[in-house]
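Asks: The structure follows.
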Amino acid sequence: MVRVSWHTQDYLYYITNRTRKYNIDNIARTKAYQSFYKKHPEIKWALVASVVSRNAGWNMTDLYTPTYKQLLKEQERKRLFMTYERANWLIFSDAYPQLVVYELSTKLQVPLFHLLQNYHVSQFMIREWERFWVTKDEDQLLISLIINEQNVIQHPVITQSFFRRHIFLSLPYLAQDVLLLNAVLIPTTSGNLYGDFVHKFTHVSNRITLGKSLASQMFHPAIFPGLLNFITKVEHTGSRQDYEVFLPTQPTSSVFLRTTYPIIEHQDIIRKDWYKSGGIKQTWYQLTKGQPKHMGKSFYQKRKWIATFSKIKNSFT
């Protein structure tokens, strides 16, 4: 139980330790988001983050399937993994302190969002938490968190010179972007897969639009019960078999994340407040509402294309 008599340093010690504890790998981050959402379902972003984080884990282990081993060189696969891992780590390091501060605030019934300055959280997001404390506008906070986290990774990952040169300007990335080979999936225990394809990922506005589309689908009454049932019953391992066991087709060959990758020690660079240098676009707050997008057939058709191409490529090497 949190003591009312705590001082600022006690709060910071608690927030920092909680964040470090769960920011060790994709599995721990995903579970932390999911656990927080179950305690605080009013923070819708936590559910979205847990599902997107599951997808990051599946993308990581995809790199160790026979298809991707044939298609990409080992160095290319290692760099792709580090791209997923760095973005996953960076978002958690920014977002989870916000969640912990909110939890502390609700326990003490006193807003403590000023503490977020110690974690380089943007002034935009501190203001949005203070607004939410008063208005309880769940959708406003959801979109604000989507906007914030996509801006958080823009310069340290997306436009950072190493990742830009070796990943986002590489031929494999450009090809999959044009052909829409990558997708974020929303699984259910019914075997239905929903979600959206990823296109022009390097553009922050596109990632925000994608985030809003995914959120709109996750909370759609036709999807939400099945999704909630899935994340409650299915332990996240990083393997696509987590959800493929519910599909009518045979599960693909997929490894478990913690038996495949080591724990990565990240350098925490000095962060600049993206909001002070770039601000926001009003279009980012436009609501995205649409019908659920069934992804199973099209996504797995494209995976067959990739597998076929990798076999052809391998036969010529």
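Each value in this text was obtained by applying a stated rule to the coordinates, not by laboratory testing. Please read all numbers here as calculations on a predicted model, not as lab measurements. We place every Cβ from the backbone using ideal geometry, glycine too, and count neighbours over all the protein chains shown.
Asks: Using 0.36 nm per residue of separation minus the Cα-Cα distance, give me the extension gain between His155 and Tyr300 in nm, one decimal.
Replies: 49.0 nm
Asks: Counting only C-alpha contacts under 8 Å and six or more residues apart, can you give the relative contact order of the chain as a whole percent?
Replies: 23 percent
Asks: Looking only at Thr61, Thr189, Thr135, which one moves most when the chain is put into a Gaussian network model with springs between Cα atoms under 10 Å?
Replies: Thr135
Asks: Something else about it: Kindly put Arg258, Arg77 in sequence by how many other C-beta atoms sit within 10 Å of each C-beta, fewest to most.
Replies: Least crowded to most crowded, the residues run Arg258, Arg77.
Asks: Also: How far is it, in nm, from the label point at Leu287 to the one at Thr106 when both lie 7 Å from their Cα along the line to the Cβ?
Replies: 2.3 nm
Asks: Using the Kirkwood radius built from alpha carbon pairs, what does the Stokes-Einstein equation give as D for segment 160-236 at 4 °C and 1.567 mPa s, in µm² per second?
Replies: Using the Kirkwood radius from Cα pairs, D works out to 92 µm²/s.
Asks: Counting other beta carbons within 10 Å of each Cβ, put Arg79, Arg54 in order, fewest first.
Replies: Least to most surrounded, the residues fall as Arg79, Arg54.
Asks: Next question, about the same structure. Averaging over every viewing direction, what projected area does the convex hull of the Cα atoms of segment 13-156 cover, in nm²?
Replies: 9.0 nm²
Asks: What number comes out for the charge environment of Lys44, summing +1 per Lys or Arg and -1 per Asp or Glu over other residues with Cβ under 13 Å away?
Replies: Counting the neighbours of Lys44, the net charge comes to -1.
Asks: Give me the Debye-computed log₁₀ of I(q)/I(0) at q = 0.14, 0.16, 0.25 Å⁻¹ for segment 233-317, equal point scatterers on Cα only, no solvent, two decimals.
Replies: With no solvent term, the Cα-only Debye profile gives -0.96, -1.01, -1.24.
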